[in-house]
Amino acid sequence: MNSLYEIVSIMNSEDKKEFIRYLNKRNKRLDIKNISYFKNLENDDIIKEKYFNKQAYHALRKRLYDNLIEFLSNRTFEKNTDEIHASLRFLVLSNFFLEHNLEKDALKYLKKAEERAIHLEQFSLLNEIYQTQINYLHLFPNQDLNYLTDKINFNLNQIQKEIQLNIGYAFIRKELQKIHQEKKVINFKNLINDILIKLDLNFNEIITYKSLYQILFIGNEFGNIHQNFSLIEPFVKSGYEFLESKKDNSENHLFYHIQIVYFLANFHFRTNQFAECQQYLDEMKTLMQKKNKAYLKTFYLKYNLLFSLNIHYSGNSKMAMDKVESVLKNSAKKDKIEDLYDLKLTLATFYAQHNDRKVLKLISQMNHTDFWFEKKMGMLWTIRKNLLEILIQVQFENTELAVSRLQSFKRRYKKYLWEVNETRVMDFVSMVESMVKKPEIIKDLKFKEEIYKVFKTDENLDPFILSFWGWIICQIENKTPYEATLELIKK
C-alpha cells in the first residue's frame with residue numbers, strides 16, 4: 001500500500017469534503033485532474049492509463065501528495081483543541097502581537113501559554129515561551145531578569161531529565177526487540193538498573209504520566225517475556241500511588257492515563273485478579289469516551305481483547321466469544337494487524353477450549369510463515385501459536401499433522417527455549433509428544449503423577465500458562481479444556 005493511499009484511508013468524510021474544497025480553491029484551470037484522482041483513491045479505483053503517460057501520472061501523484069500534506073498540517077492544527085495546542089496557539093499569538101508592538105496583549109498571552117505549559121509538564125514548549133520572554137524582556141520593565149533566569153534553568157534541568165529518560169526508554173525498547181526477534185538472552189532487571197545508573201535517573205524525580213507509561217510498558221514486556229506478571233508488582237504499586245495523587249490533572253494527559261489504566265488492568269488479569277481487572281477496564285472505557293472520544297479508535301481493539309479474555313477466564317465464555325467474533329467481523333483494513341492477530345489467536349483458543357471445530361478453519365487462515373510472525377508478533381507469541389496449533393491437531397485426532405508440527409516445533413525452538421531457560425515449555429512438549437505416540441498413556445498412573453508433579457512445581461499461575469496445563473489435565477480427567485482450566489484457576 002503506498003503512502004498516499006494510506007493517508008487517504010485515515011481521513012474521515014468531513015476531512016475529504018474539505019480537502020476537495022481546498023483543491024477547488026487552489027486549481028487555476030478547469031482541466032486539473034487532481035480532484036478526480038483523489039476521488040478514485042477514495043474508492044481504490046486507480047487506472048494509471050486514465051492519467052496520460054507514466055511521467056504525468058507520477059507528477060499528478062506528487063502534487064496531490066504535497067497538497068494533502070499541506071492541507072492536513074493546517075487542518076490538524078486548526079481542529080486540535082487540546083491544551084497543548086492551545087498553549088502553542090497562545091505563544092504564536094503573543095509573537096504576532098510583539099511583531100506589531102502590542103506589548104500588553106503579548107504579555108497577557110505569554111502568561112497564559114506559560115501557565116498551561118507548566119500545568120501540562122510540556123518542558124520543551126516552556127523553553128520556547130521563556131526564550132520569547134527573554135528576547136523581548138526590554139519591552140516589559142516590570143519583569144525580573146533573575147526570576148526569569150531561575151525559571152529557565154529549572155526548566156532546562158527538567159528537559160535534560162526528560163531527554164535522559166527517553167534515551168533510556170529507547171535503549172530498552174531496542175533491547176526488547178532483540179529479545180523478541182533475535183532470540184537474544186538478557187537479564188532484564190540488570191539491564192534496567194544499569195540504564196538508571198548510567199543516565200543518573202532517580203525514579204521519584206522523573207515520575208510523570210508519560211514516564212509512568214514508559215515504565216509500565218517496560219514492566220509489561222518484562223512480564224510477557226517471563227510469562228510471570230507477579231515480577232512487576234513494584235511497578236504496579238507505583239502506578240496505583242501515582243494515579244491516586246494526580247487525579248485532578250489526569251485529563252490533560254488522557255492518552256497516557258488510558259495506557260496506564262490498561263497496563264494495570266492487564267496486570268490484574270495476568271495474575272488472575274479478574275474482578276480488579278474489570279474495575280480498571282470500566283475506568284478505561286470511561287476514559288475512552290472523554291474529549292469527544294478522541295482515543296476510542298486507538299484503544300478499541302486492545303480494550304475489547306482484554307475485556308473478552310477477562311470475562312472468558314471469569315467463566316462467561318459465550319459472551320467472550322460473541323464479543324471477539326463481533327469485533328473481528330467489524331474490523332477495518334486500517335486496524336493494526338498485530339491487534340487483529342491477537343484477537344484471532346484468542347478466538348482460536350476459546351474455540352479449542354470448547355472442542356469447537358471452527359478452530360480448524362480459523363487457525364488455517366493464520367497462514368504466514370513462522371519467520372513473519374516472529375518479526376511481526378514476537379517470538380513468544382509465535383511459540384504460543386505453534387503450541388496451540390499442535391494441541392488442536394491432537395485434539396481433533398489429526399495425528400500425522402500433529403507429529404509433523406511437533407517435529408517442526410522442536411527443530412525451530414528447542415535451542416532457543418534452552419537458551420532462555422524455558423525448560424518447562426520443552427517438558428510440556430515432551431508430555432504432548434508422549435500422548436500422541438502412545439494415547440493410552442493418559443491412563444498410566446506414573447504418567448499422571450509426573451504431570452501433576454511438574455504442574456505443581458510451576459509457580460506461574462498466568463491464565464495463558466494454566467490454559468496449556470488445562471489441556472493436558474482435561475485428557476486425564478475427561479473434561480473439556482475450558483472446564484479443566486477454570487478449575488486450575490480457582491485452585
> In region 358-383, what residues are more than 16 Å from residue 339 (Cβ to Cβ) and among the basic types (Lys, Arg)?
Replying inline: 358, 361, 375
> In region 97-151, what count of residues is obtained for those that are crowded, with 16+ Cβ neighbours inside 10 Å and hydroxyl-bearing (Ser, Thr, Tyr)?
Replying inline: 4
> Does residue 179 satisfy the condition of being at pLDDT 70 or above, in a helix (DSSP H, G or I) and surrounded by 18 or more Cβ atoms within 10 Å (Cβ to Cβ)?
Replying inline: no
>> Are there helices (runs of 4 or more DSSP H) fully within region 315-403 with at least 3 residues that are surrounded by fewer than 16 Cβ atoms within 10 Å (Cβ to Cβ)? List them.
In response: 317-329, 358-364, 370-377
> Restricting attention to region 111-122, does a residue exist that is modelled with pLDDT of 90 or more, more than 36 Å from the chain's Cα centre (by Cα) and either more than 29 Å from residue 210 (Cβ to Cβ) or assigned to a helix (DSSP H, G or I) (or both)?
Replying inline: yes
> Which residues, counting only those in region 111-136, are within 13 Å of residue 95 (Cα to Cα) and of a type in the set (A, V, I, L, M)?
Replying inline: 113, 129, 134
>> Quick test of your reading of the structure: residue 134 fulfils all but one of (1) over 21 Å from residue 160 (Cα atoms); (2) more than 32 Å from the chain's Cα centre (by Cα); (3) of a type outside the set (Phe, Trp, Tyr); (4) part of a helix (DSSP H, G or I). Name the failing condition by number.
In response: (1)
> Can you name every residue in region 461-491 that is touching a helix residue (DSSP H, G or I) at 6+ places or on another chain (Cβ under 8 Å) and among the polar types (S, T, N, Q)?
Replying inline: 467, 475, 480, 485
> How many of the residues in region 248-304 are assigned to a loop (DSSP other than H, G, I, E, B) and under 27 Å from residue 488 (Cα atoms)?
Replying inline: 3
>> Can you tell me which condition residue 283 does not meet? The list is (1) crowded, with 17+ Cβ neighbours inside 10 Å; (2) over 30 Å from residue 227 (Cβ atoms); (3) charged (D, E, K, R), and all the others hold.
In response: (2)
> residue 363 passes all but one of (1) over 20 Å from residue 309 (Cα atoms); (2) at pLDDT 90 or above; which number fails?
Replying inline: (1)
>> Any residue at all in region 442-458 that's at pLDDT 85 or above, among the acidic types (Asp, Glu) and either surrounded by fewer than 18 Cβ atoms within 10 Å (Cβ to Cβ) or on the phi > 0 side of the Ramachandran plot (or both)?
In response: yes
> Only one of 389, 487, 400 is more than 16 Å from residue 353 (Cβ to Cβ) and among the acidic types (Asp, Glu); which?
Replying inline: 400
>> If a residue must be over 22 Å from residue 379 (Cα atoms) and loosely packed, with under 13 Cβ neighbours inside 10 Å, how many such residues does region 404-440 contain?
In response: 3
> Within region 42-49, is there a residue that is touching a Lys or Arg at 6+ places or on another chain (Cβ under 9 Å), modelled with pLDDT under 70, under 21 Å from residue 337 (Cα atoms) and exposed (fewer than 10 other Cβ atoms within 10 Å of the Cβ)?
Replying inline: no
> Do we have residue 482 as closer than 24 Å to residue 309 by Cβ, assigned to a helix (DSSP H, G or I) and touching a residue at least 12 places away in the same chain (Cβ under 8 Å) here?
Replying inline: yes
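The values are calculated or read from the model by the stated rules, or taken from the named source; none is laboratory data. Predicted model only: the values in this text are computed from it and were never measured. Neighbour counts are summed over all protein chains in view; Cβ atoms, including those assigned to glycine, are modelled from backbone coordinates with ideal geometry.
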